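The structure appears right after this line, and notes come after that.
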Amino acid sequence: MADQSTELTRRELLKVAAVAAAVPLVAREPVLGAVAAAGESPRFFTRTQLALVDELSEMLIPADDHSGGARAAKVAAYIDGRLADDVLPDRRERWAAGLARVDQLATELKGATFMALAPADRVAVVERMAQEEAHPQSVEGHFFVELKGQTRHAYYTSSIGIHDELDYKGNVMQEEYSGTDVSKE
């Protein structure tokens, strides 16, 4: 099986930083309002946690001129649904602990909860979590790996990820079969 690296590349990191710098300072209540306006009624997360997952996932896969980002693909709602349907409580406990640790880390580093921070400060918190991505040791390191994996999965299995980002056109009729004809062997 091919090695699928989970490290945040320099290009991805620059993309996150550029988007965060371009986004105006977002207060906590408007973000919660945006999630609520999108019709998201959490099944596992609290509304505050859902807004946090929504913001984190959008930072990992931001919208660009080619396709919508994680927010448009409703990644947070997908993760929420998966956790709500999960029969094993340890995964839900890890997510709850991870989200709590994001706010603790934000408070330790920048003096406020994650959603109350300016975009550049949010990027700094995410960068800190990503530092140990290759070999996570802390709660935030393990959480970052889980968050990134679930965000990637949810995004690239959504219509936006498949059709807009990857330009998948679906099954198309081939005029000529380009494979190997095994009947001639």
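Quick look at the values:
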| read-out | value |
| --- | --- |
| Filter pass, Asp64 being loosely packed, with under 15 Cβ neighbours inside 10 Å and modelled with pLDDT of 50 or more | yes |
| Test result for Gly149, in contact (Cβ under 8 Å) with a residue 60 or more places away in the chain, surrounded by 11 or more Cβ atoms within 10 Å (Cβ to Cβ) and of a type in the set (Gly, Ala, Ser) | yes |
| Flag if Glu40 is among the acidic types (Asp, Glu) and either within 30 Å of Asp167 (Cβ to Cβ) or modelled with pLDDT of 95 or more (or both) | yes |
| Qualifying residue in segment 121-143 (condition: surrounded by fewer than 19 Cβ atoms within 10 Å (Cβ to Cβ), assigned to a helix (DSSP H, G or I), at pLDDT 95 or above and among the β-branched types (Val, Ile, Thr)) | yes |
| Selection count where residues are in contact with a Lys or Arg (Cβ under 7 Å, 6 or more places away or on another chain) and closer than 12 Å to Met59 by Cβ, scope segment 97-114 | 1 |
| Pairs with Cβ under 8 Å, 6+ apart, first in segment 46-65 and closer than 14 Å to Ala77 by Cβ, second at pLDDT 95 or above and among the charged types (D, E, K, R) | Leu50/Asp80; Leu52/Asp103; Val53/Asp80; Asp54/Arg71; Glu55/Arg122; Ser57/Arg71; Glu58/Arg71 |
| Some residue of segment 79-99 being surrounded by 14 or more Cβ atoms within 10 Å (Cβ to Cβ), of a type in the set (Val, Ile, Thr) and without any contact (Cβ under 8 Å) to a residue 60 or more places away in the chain | no |
| Filter result for the condition that a residue is more than 21 Å from Leu52 (Cβ to Cβ) and touching a residue at least 24 places away in the same chain (Cβ under 8 Å), over Ala134, Ala120, Ala116 | Ala134 |
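The values are calculated or read from the model by the stated rules, or taken from the named source; none is laboratory data. Keep in mind that what you see is a predicted model, and the values were worked out from it rather than measured. FYI the Cβ positions are ideal-geometry reconstructions off the backbone, even for glycines, and counts take in every protein chain you see.
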